[in-house]
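Engineer: What follows is a single structure, and I will ask about it in a moment.
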Amino acid sequence: MTKLLIIYTGGTIGMVNNPKTGALIPFDFDQIKQNVPELDRLNYVLEVHSFDPILDSSDMHPDIWAKLARIIEVRYLEFDGFVILHGSDTMAFTASALSFMLENLSKPVVLTGSQLPIGEIRTDAKENLITALEIAATKKQGKAMVPEVCIYFDYQLFRGNRAIKYNSEKFEAFRTPNYPKLAEAGVHLTFFKNYIKLQPKEQLLVHTDMNANIGVLKLYPGITPQAVHAITRSSVHAIVLETFGSGNTTTAAWFVESLQEAADAGKLIVDISQCMGGSVELGKYETSKKLEQMGVISGHDMTFEATVTKLMYLMGLNLPVEDIKFWMAQSIRGELTA
């Protein structure tokens, strides 16, 4: 029989109403079938690993990503797939991080959650959980249909390192602006095979060292030298520069000099667009030509979540700076369109 491991980290999906206070409290996921009796009809062998204590996803941290990666590594040969139940707020960060940490992944790692607690009448939790399990269990010719880290939410399956949370109120909470969905759950579960990663030939390699010493500089008209210097002159090892349009910034001399100073100090600078869709094209306009000349790295069409976690991953490998610059601009887990 198909064996799946459910890893419950926390989040709305695992909450029920306390009949005495009316407040939301986590239920014991060891009794998951009591709360979701439909699971018996799936005919899978399910095991649950619950975090203790459970986490609000706002408290997610690289150390927790490392814990998740190690759980998957230790139990990898026992299970056909893994479903991670996670709060939606930082789900795209965790999915992106795990995609880099789990090199040569050949089994599904499906993250899901819900917008309403599992005990609510109109909850989206049951459908998200059941279909995530079905996706994790699906095989073709004995091999996993989706051998990658992904997010399932509201009838759609997305590549994890392409996803963003774009809505906090709709059940359709996630999108992948620059990449097609991997599958859709309608009357039938339909997989779009052309967009799903191929099965790797090598063995799983797990990386758990992440360097989170990153600063974020989001541009806006009227940004001051003080605001810029707070990031460029700090002790961070890398800077994610969120620019306008296709990678453009102000051409004010003080701003260009501030970035040059940071680059000369050995800081990695990655340029990504503030736009949800589209890609950075350094040098396309005069306003980004100087960035290209000083060695700013193009993030192409990566999401903010993927950019941050990829930097953490590559810096955690202790690679030479030039190697990190090279790999940041390459697709290593399907996270960008070069």
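The values are calculated or read from the model by the stated rules, or taken from the named source; none is laboratory data. On a predicted model such as this, the values are computed, not experimentally measured, just so you know. FYI the Cβ positions are ideal-geometry reconstructions off the backbone, even for glycines, and counts take in every protein chain you see.
Engineer: Given the criteria assigned to a loop (DSSP other than H, G, I, E, B) and in contact with a helix residue (DSSP H, G or I) (Cβ under 6 Å, 6 or more places away or on another chain), does G22 qualify?
Structural biologist: Against the criterion (assigned to a loop (DSSP other than H, G, I, E, B) and in contact with a helix residue (DSSP H, G or I) (Cβ under 6 Å, 6 or more places away or on another chain)), G22 does not qualify.
Engineer: Please enumerate the residues belonging to the stretch 52-105 that are of a type in the set (V, I, T) and under 19 Å from G316 (Cβ atoms).
Structural biologist: I64, I71, I72, T90, T94
Engineer: Quick one: is E261 farther than 26 Å from Y179 by Cβ, over 25 Å from the mean Cα position of the chain (by Cα), of a type in the set (D, E, K, R) and not in a loop (DSSP other than H, G, I, E, B)?
Structural biologist: yes
Engineer: Continuing with this model, one more query. Taking K140 and the conditions (1) surrounded by fewer than 15 Cβ atoms within 10 Å (Cβ to Cβ); (2) under 28 Å from I64 (Cα atoms), which numbered condition does it fall short on, given that it satisfies the others?
Structural biologist: Only one criterion is unmet by K140, namely (2).
Engineer: N167: under 30 Å from N248 (Cα atoms) and under 15 Å from the mean Cα position of the chain (by Cα), yes or no?
Structural biologist: So N167 fails the test.
Engineer: Among the residues of the stretch 231-258, what is the count of those that are under 28 Å from the mean Cα position of the chain (by Cα) and surrounded by 14 or more Cβ atoms within 10 Å (Cβ to Cβ)?
Structural biologist: 16
Engineer: For L311, only one of the following conditions fails: (1) surrounded by 18 or more Cβ atoms within 10 Å (Cβ to Cβ); (2) more than 15 Å from F100 (Cβ to Cβ). What is its number?
Structural biologist: (2)
Engineer: Would you mind stating whether A66 is touching a residue at least 40 places away in the same chain (Cβ under 8 Å), buried (at least 18 other Cβ atoms within 10 Å of the Cβ), in the same structural domain as E202 (by TED's automatic domain parsing) and out of contact with any Leu (no Cβ under 7 Å at 6 or more places or on another chain)?
Structural biologist: Considered against the rule, which asks whether it is touching a residue at least 40 places away in the same chain (Cβ under 8 Å), buried (at least 18 other Cβ atoms within 10 Å of the Cβ), in the same structural domain as E202 (by TED's automatic domain parsing) and out of contact with any Leu (no Cβ under 7 Å at 6 or more places or on another chain), A66 comes out as yes.
Engineer: Looking at Y179, Y152 in this structure, which one is in the same structural domain as L46 (by TED's automatic domain parsing), surrounded by 14 or more Cβ atoms within 10 Å (Cβ to Cβ), in contact with a strand residue (DSSP E or B) (Cβ under 9 Å, 6 or more places away or on another chain) and not in a loop (DSSP other than H, G, I, E, B)?
Structural biologist: One residue alone meets the criteria, Y152.
Engineer: Related question: Being assigned to a helix (DSSP H, G or I), touching a Leu at 6+ places or on another chain (Cβ under 9 Å), closer than 27 Å to L319 by Cα and not assigned by TED's automatic domain parsing to the domain that holds Y76 is the requirement here; does I231 meet it?
Structural biologist: yes
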